[in-house]
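Undergrad: First the structure, which I've put down as structure tokens, then a few questions once you've had a look.
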Amino acid sequence: MKTPRLLLPAEEEMLEAAFYYEQRSGGLGRDFLRKVQNAVDEIVQHPVRWPKVRGNIRRRMIHRFPYAVLYEDLPQEILIIAVMHLRRHPNYWIDRTH
């Protein structure tokens, strides 16, 4: 099984969103992080299950939150490119890919 690796900008997005949700309601930030972790776990188990959105980049939606995990299934790892808010600039992450 491949190991997931988050790019630093993706990790920062995830933590900023968790902080935002935690400020809104106690425990909601933890719920967000749990949902992201569940999504990443499913991606690792079934990396080609979710649709491609650009080139080899795939998108796994996060249940309950308006976010998605954008990732690439590479030979040695699952590269998490973005933890993207779905209502913001949709292509901001493109320069993160190789």
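The values are calculated or read from the model by the stated rules, or taken from the named source; none is laboratory data. Please read all numbers here as calculations on a predicted model, not as lab measurements. Here the Cβ is made from the backbone with ideal geometry for all residues, glycine too, and neighbour counts use every protein chain on show.
Residue-wise test of (1) modelled with pLDDT of 95 or more; (2) in contact with a Lys or Arg (Cβ under 7 Å, 6 or more places away or on another chain); (3) of a type in the set (S, T, N, Q).
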residue: ARG49; (1), (2), (3): yes, no, no
residue: ARG54; (1), (2), (3): no, no, no
residue: PRO66; (1), (2), (3): yes, yes, no
residue: TYR71; (1), (2), (3): yes, yes, no
residue: LEU79; (1), (2), (3): yes, yes, no
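Undergrad: In addition: Quick one: in the range 3-60, of everything that is touching a residue at least 40 places away in the same chain (Cβ under 8 Å) and small (Gly, Ala, Ser), which residue is nearest to ILE80 (Cα to Cα)?
TA: Result: ALA10.
Undergrad: I'd like the residue in the range 36-70 that is in contact with a strand residue (DSSP E or B) (Cβ under 8 Å, 6 or more places away or on another chain) and assigned to a helix (DSSP H, G or I) and, out of all such residues, is surrounded by the most Cβ atoms within 10 Å (Cβ to Cβ).
TA: Once the filter is applied, the top-ranked residue is VAL36.
Undergrad: Pull up the range 71-98, narrow it to residues that are part of a loop (DSSP other than H, G, I, E, B) and of a type in the set (A, V, I, L, M), then point me to the one that is nearest to GLU16 (Cα to Cα). Reasoning before the result, please.
TA: Step one: list which residues in the range 71-98 are part of a loop (DSSP other than H, G, I, E, B), which gives 74-76, 86-93, 97-98.
Filter again for of a type in the set (A, V, I, L, M), leaving 74, 86.
Numbers: LEU74: 26, LEU86: 15 Å.
Residue satisfying both the conditions and the ranking: LEU86.
Undergrad: Here is a follow-up. Any chance you could count how many residues in the range 23-32 are surrounded by 16 or more Cβ atoms within 10 Å (Cβ to Cβ) and either assigned to a loop (DSSP other than H, G, I, E, B) or out of contact with any Phe, Trp or Tyr (no Cβ under 8 Å at 6 or more places or on another chain) (or both)?
TA: Residues meeting the conditions: 0.
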